[in-house]
1. Any residue in region 170-183 that is farther than 22 Å from His239 by Cα sitting within a Cβ distance under 6 Å of a residue that is among the basic types (Lys, Arg)? List the pairs, counting only those 6 or more apart or interchain.
2. Within region 76-100, track down each residue that is more than 20 Å from Leu156 (Cα to Cα) and either part of a helix (DSSP H, G or I) or among the basic types (Lys, Arg) (or both).
3. When the residues of region 289-301 are filtered to those that are modelled with pLDDT of 55 or more and either under 21 Å from the mean Cα position of the chain (by Cα) or open to solvent by 60 Å² or more (accessible area, probe 1.4 Å) (or both), which remaining residue is farthest from Pro217 (Cα to Cα)?
4. Could you list, in sequence order, the residues of region 63-80 that are under 19 Å from Phe162 (Cβ atoms) and open to solvent by less than 10 Å² (accessible area, probe 1.4 Å)?
5. So which residues in region 139-187 are assigned to a loop (DSSP other than H, G, I, E, B), of a type outside the set (Phe, Trp, Tyr) and open to solvent by less than 50 Å² (accessible area, probe 1.4 Å), if there are any at all?
6. Under the condition of being charged (D, E, K, R) and open to solvent by less than 80 Å² (accessible area, probe 1.4 Å), which residue from region 193-212 is nearest to Ser263 (Cα to Cα)?
Amino acid sequence: MCPPVLGPAPTAPVVTTDLREYNFRTVTPLFGGGVEPRHTDPVSVIHPPAIRGHLRFWWRATSGASFQNHAALKSAEDALWGSTSRASRVAINVIIQNRGRALQTNTINHHLTLRRLFPLFDANPQLIRCNVKFQLQVRLAPDMDPGMISGVESALWAWATFGGIGSRVRRGCGALLCQEFPPGDLNGAQPDFAIRCRSFINPAAPQRKWPCLRDWPLFLLGHPLTHMESWYRILSDFHASRTAGHASVLISPRIGAGLRMASPVILKPLAINEQYAYPMILPLSVQVCCPHRPEGNDNRPAIGRLMTFFQQRGYS
């Protein structure tokens, strides 16, 4: 049988000289992130398509929350980020400044961390790297309207603040520190961080069928911990919440018959500088398919119970 005839390739986007540069480094071990699952790439540690995927996700979680249905969301997403028939208006390039160093799993000095990140048990030490530094270059097409530009900037901020690179980012692997988006000391007044959060976070907003940023994150404030200590602490506290039965329905929720989605709970050390971070938990709002629960598809009661558990452990 002959293969189907493919349509014409999308035309290359026309990009402007508006170059935006963002400098990142990983503050927790980078696991995976290459072209082969669970492996870092031997040539380029970080791939632009991987970052593009993260930015698309965070665009849906921030700007995408304003759309009423999947059709409207997809139309706007394709117009900005591209599709199989339309080129992206956002060009991305990555410059690796430091490939970091290979990390032996036995140097992660907290055995509970390994148990909660089970893929690391089987990983080749050469495939786990720490202290990777890179520059992200972003160019925008000249025909983008202010709303599109704002959407890209919001996605960049949300990814740098709440996301990561590589595998298991929702459990804190590959957490990032971005020089251009420093959250600062959360114990003090942080108008920039708060203003950015308020522009997306609205607890009264309706749930969508895709993950959205709607609830405030919780932090363990007080004296900040080192990056790795902060990571260990949030994983340990989340494990305690699972043991207490507060997180079981949020680990791998269903979005339909036989379909599972990634956990809507993000755990990470929020780096405030080159040395310190705060343990952070961030729940994403999304409709789930849990007919056995009294609240049905609404995950807000389960999120509320989980966040109450963390507040009882000193998070605010």
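The values are calculated or read from the model by the stated rules, or taken from the named source; none is laboratory data. In this text the structure is predicted, and so the values were computed from the model without any measurement. All Cβ positions, even for glycine, are placed from backbone atoms using ideal geometry, and neighbour counts span all protein chains on display. Calculation scope for accessible area: heavy atoms of the full protein, side chains included, ligands and nucleic acids excluded. Shrake-Rupley method; radii C 1.70, N 1.55, O 1.52, S 1.80 Å.
1. Leu177/Arg25
2. First pass over region 76-100, keeping only residues more than 20 Å from Leu156 (Cα to Cα): 84-86, 98-100.
Passing the criteria: Arg86, Arg99.
3. It comes out as Asn297.
4. Gly64
5. Of the residues in region 139-187, the ones assigned to a loop (DSSP other than H, G, I, E, B) are 141-145, 163, 165-168, 172-174, 179-187.
Then keep just the ones that are of a type outside the set (Phe, Trp, Tyr); that gives 141-145, 163, 165-168, 172-174, 179-180, 182-187.
Ala141, Met144, Gly163, Ile165, Gly166, Ser167, Gly172, Cys173, Gly174, Pro183, Gly184, Leu186, listed by residue number.
6. First, pick out the residues of region 193-212 that are charged (D, E, K, R): 196, 198, 208-209.
Now drop any that are not open to solvent by less than 80 Å² (accessible area, probe 1.4 Å), which leaves 196, 208.
Details: Arg196: 24, Arg208: 15 Å.
By that ranking, first place goes to Arg208.
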